[in-house]
1. What translational diffusion coefficient, to the nearest whole µm²/s, does region 74-183 have by Stokes-Einstein, given a Kirkwood radius computed over alpha-carbon pairs, a temperature of 25 °C and 0.890 mPa s viscosity?
2. Rg and Dmax of the chain, Cα atoms, in Å?
3. Would you mind telling me which residue in 87, 172, 185 has the biggest mean-square fluctuation in a Gaussian network model of the chain, where springs connect alpha carbons within a distance under 10 angstrom?
4. Can you tell me the orientation of helix 182-194 relative to the chain, as the angle in degrees between its alpha-carbon axis and the longest Cα principal axis, to the nearest 10?
5. Quick one: compute the contact order of region 1-76, relative version, from alpha carbon pairs under 8 angstrom and 6+ residues apart, as a percent.
6. Mean separation of Cα pairs under 8 Å and 6+ residues apart, divided by the residue count of region 83-196: what relative contact order is that in percent?
7. Among 49/164; 76/148; 49/159; 76/126, which pairs are too far apart, with a Cα-Cα distance over 26 Å?
8. Quick one: 3J(HN,Hα) in Hz for region 171-178, Karplus 6.51/-1.76/1.60 with θ = phi - 60°, rounded, Gly and Pro as x.
Amino acid sequence: MLRVVVLVSGGGTNLQAIIDSVNNGTITNTELVGVISNNYGVYALERAKNAGIDNQVVSPKDYPSREAFNDALLEKVNAYNPDLIVLAGFLVVIPEKMIDAYENKIINIHPSLIPSFCGTGYYGLKVHEAALSRGVKVSGATVHYVDKGTDTGPIILQKAVEVKEGDTPKTLQQRIMEEAEWKLLPAAINMIANRS
Ligand code: GAR
């Protein structure tokens, strides 16, 4: 069984897609052992609770320095003894120490076709604002391994999604989630859980 910890910051629709996929057998050989949020009060935590998954908050606001937060985050992750860490809308820069400790064991979902609209400053709706400003006709989502750069690690899966006339950042975000993210992230986890 692949022990998976999911890190979240917000609404947690990708977390929900993972939970549903484990429950309906789209993801096999996988146990969701914990969910950690860097923000209090986010709906992702409710989703974890509803699914009976251990969940907690590790907020930078509770620590005197970034380093102390980074150390606490790594400690909480380590306590789950995970085989895979999934960043599902986790909008925190992953500490180098964690990347060293979990080389090729951290994956991220990004809501564009990397290398477009990625890197520092491109997260959440900002990605879709940038895609619409540039006038691209196709965007999508990418699941990739996390290395020390921002959105630079090896690509695991990508899926293209059409941009439609009249799209707003929100409509484009929603279509990319429905058509790409919610399928791609569970598919990547299942691949990793079942590789020989
Ligand atoms: C998702 O669109 C995810 O791809 C994005 O944040 C959203 C989180 O939504 N992640 C990034 O932009 C990472 N750079 P969710 O909380 O509903 O899963």
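1. Details: Rh = 14.5 Å.
Value of D from the Cα-based Kirkwood radius: 169 µm²/s.
2. 16.1, 48
3. Of 87, 172, 185, the most mobile in the Gaussian network model is 172.
4. Relative to the chain, helix 182-194 is tipped by roughly 50 degrees.
5. Working: 108 pairs, mean separation 22.4, N = 76.
Dividing the mean separation by the residue count of region 1-76 yields 29 percent.
6. Details: 173 pairs, mean separation 27.9, N = 114.
Relative contact order, region 83-196: 24 percent.
7. On the way: 49/164 36 Å; 76/148 20 Å; 49/159 30 Å; 76/126 29 Å.
From 49/164; 76/148; 49/159; 76/126, over 26 Å: 49/164; 49/159; 76/126.
8. Each residue of region 171-178 in turn: 5, 5, 4, 5, 5, 5, 5, 5 Hz.
The values are calculated or read from the model by the stated rules, or taken from the named source; none is laboratory data. These numbers come from a predicted model, not from an experiment. With ideal geometry, Cβ positions are generated from the backbone for all residues, glycine too; neighbour counts draw on all protein chains shown. Surface areas here come from the heavy atoms of the whole protein model, side chains and all, with no ligands, DNA or RNA. Shrake-Rupley method; radii C 1.70, N 1.55, O 1.52, S 1.80 Å.
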